[in-house]
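As structure tokens, the structure follows; a few thoughts come after it.
The values are calculated or read from the model by the stated rules, or taken from the named source; none is laboratory data. Note that this is a predicted model, so its numbers are computed, not measured. Neighbour counts run over all protein chains shown; Cβ positions are idealised from the backbone, glycine included. Areas reflect the complete protein model, heavy atoms only, side chains present, ligands, DNA and RNA absent. Shrake-Rupley method; radii C 1.70, N 1.55, O 1.52, S 1.80 Å.
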Amino acid sequence: MRQNIILFFLGVLLGLVPMYVENQRIKQTYKESREALESETARVQSEFKEINEKFRVALLRDQLSSLILEAEDDNFGSARLQSTNFFNHVRDTLPATETPAVREALRKLLDRRDDITAALVSNDSRAAAELREIHEGFPRATTLTAPDRQAESISQQVQAPVTEALPSPR
């Protein structure tokens, strides 16, 4: 009887060892997948910030172009209003800008705000020339890839390690 009990516990222990080893393997795979996912998440967040900055710069450039058109058409009332909105957006964009060259360009642009505003208030046609000069030196956003293709690519990259980490069904 005692021998049967010992054999029973020995069988249980021998059955637990493979389960323990498999459990440790799954934990390790999970840990590696999680680290890969965290790394990819950090990369995607960084890329998102970069794209968001380029988008904000492109919007500012568009606003500046519209402002130039109004000033060239001697529509100074509308140009003053657009100028106020434009410089407010520049001021709001500056703190979130991480690229040093873009940040410096936006700071220099804000330094010229008073001169531009004064020229527009006095209906000075030289305001359009000053705005055009600013436009030529304004940072350019590079061409962005299509968000759908980019999201699909990221999804595939993240999904592969996760799928490999899951244990196969028995």
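Identify the residue in segment 86-102 that is open to solvent by 70 Å² or more (accessible area, probe 1.4 Å) and assigned to a helix (DSSP H, G or I) and, among all such residues, is nearest to Glu133 (Cα to Cα).
Taking segment 86-102 first, the residues open to solvent by 70 Å² or more (accessible area, probe 1.4 Å) are 89, 91-92, 95, 98, 100-101.
Okay, now just the ones that are also assigned to a helix (DSSP H, G or I), so 89, 91-92, 95, 100-101.
Details: His89: 19, Arg91: 19, Asp92: 22, Pro95: 24, Pro100: 21, Ala101: 17 Å.
Out of the qualifying residues, it is Ala101.
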Checklist entry - If the Cβ limit is 7 Å and pairs must be 6+ apart or interchain, which residue in segment 58-75 that is hydroxyl-bearing (Ser, Thr, Tyr) pairs with which residue that is open to solvent by less than 80 Å² (accessible area, probe 1.4 Å)? => result Ser65/His135; Ser66/Gln82
Checklist entry - Only one of Leu14, Leu67, Leu106 is in a helix (DSSP H, G or I), more than 21 Å from the chain's Cα centre (by Cα) and surrounded by 15 or more Cβ atoms within 10 Å (Cβ to Cβ); which? => result Leu67
Checklist entry - Quick one: would you say Lys31 is at pLDDT 90 or above, part of a helix (DSSP H, G or I) and among the charged types (D, E, K, R)? => result yes
